[in-house]
Amino acid sequence: MAVIEGAMGLLTYAGVPGAATNEVQTITIGGTPTGGTFTLTFQSGTTEPITWVNVNATLVTAVDTALKALSNIETGDITTAVGTMTAGIGTITVTFGGVLAGQDVGAMTATSSLTGTAPTVSVATTTPGVAVGGKGASKGQLLVDTTNGVLYINTGTGAAPVWTKVGTQT
């Protein structure tokens, strides 16, 4: 699904142009950890060791602080939250926004130095990032959905296009 400039300044897109989807990655802490640390690597940056604790809010804050300290994550680029977690075991979600909004950012990886009974740390992409169709198109730009034969007009901006169906097409 690529945006391609076509004849007469029209854009074409295979499918209905939609809003961007921000990527969500889920960190899962399993087993029965009792202590230790883990690191997260995002693109070329690796966090300082994150100390595991059995207090959910404290652990999420530590993950958030460690990720935001990376040089490749700017203010507003991530939001961390407790997923399904009890006493530091379970999931933490990381939602990418800011300059990382609406794109596939690449999966984080985890390295564990946790202690306890079979402790694990893993990361999975639970919602892939998807760019908005026609990003960069000026206000008033037309786009043709080549899959469904429908014409749209950008009523938003280039950075945040809003594709409105023209007329009463079906």
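The values are calculated or read from the model by the stated rules, or taken from the named source; none is laboratory data. Predicted, not measured: the structure shown is a model, and the values here were computed from it. As a convention, Cβ positions derive from the backbone with ideal geometry for all residues, glycine included, and neighbour counts pool all protein chains shown.
Under the condition of being surrounded by fewer than 18 Cβ atoms within 10 Å (Cβ to Cβ) and of a type in the set (D, E, K, R), which residue from the range 2-58 is modelled with the lowest pLDDT? Top of the filtered list is GLU5. For a quick check of your reading of the model, give me the residue pairs whose first member lies in the range 51-65 and is on the phi < 0 side of the Ramachandran plot, whose second is assigned to a helix (DSSP H, G or I), with beta-carbon atoms closer than 9 Å and at least 6 apart or on different chains. Listed pairs, sorted by first residue: THR51/LEU59; THR51/ALA62; TRP52/LEU59; TRP52/ALA62; VAL53/LEU59; VAL53/ALA62. Scanning the range 66-90 for residues that are buried (at least 17 other Cβ atoms within 10 Å of the Cβ) and of a type outside the set (Gly, Ala, Ser) turns up LEU67, LEU70, ILE73, ASP77, ILE78, THR80, MET85, ILE89.
Condition check ((1) surrounded by 13 or more Cβ atoms within 10 Å (Cβ to Cβ); (2) modelled with pLDDT of 85 or more; (3) within 21 Å of GLY15 (Cβ to Cβ); (4) not aliphatic (A, V, I, L, M)) across all residues:
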{"site": "VAL121", "(1), (2), (3), (4)": "yes, yes, no, no"}
{"site": "THR126", "(1), (2), (3), (4)": "yes, yes, no, yes"}
{"site": "VAL132", "(1), (2), (3), (4)": "yes, no, yes, no"}
{"site": "LYS135", "(1), (2), (3), (4)": "yes, no, yes, yes"}
{"site": "LYS139", "(1), (2), (3), (4)": "no, yes, no, yes"}
{"site": "LEU143", "(1), (2), (3), (4)": "yes, yes, yes, no"}
{"site": "THR146", "(1), (2), (3), (4)": "yes, no, yes, yes"}
{"site": "VAL150", "(1), (2), (3), (4)": "yes, yes, yes, no"}
{"site": "GLY156", "(1), (2), (3), (4)": "yes, no, yes, yes"}
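Taking strands (runs of 3 or more DSSP E) as the structural unit, those lying wholly within the range 51-164 and holding at least 1 residues that are touching a strand residue (DSSP E or B) at 6+ places or on another chain (Cβ under 8 Å) and closer than 20 Å to VAL16 by Cβ correspond to 109-127, 142-145, 150-154. Checking each residue in the range 70-97 for being touching a Ser or Thr at 6+ places or on another chain (Cβ under 7 Å) and of a type in the set (Gly, Ala, Ser) picks out ALA81, GLY83, GLY90, GLY97.
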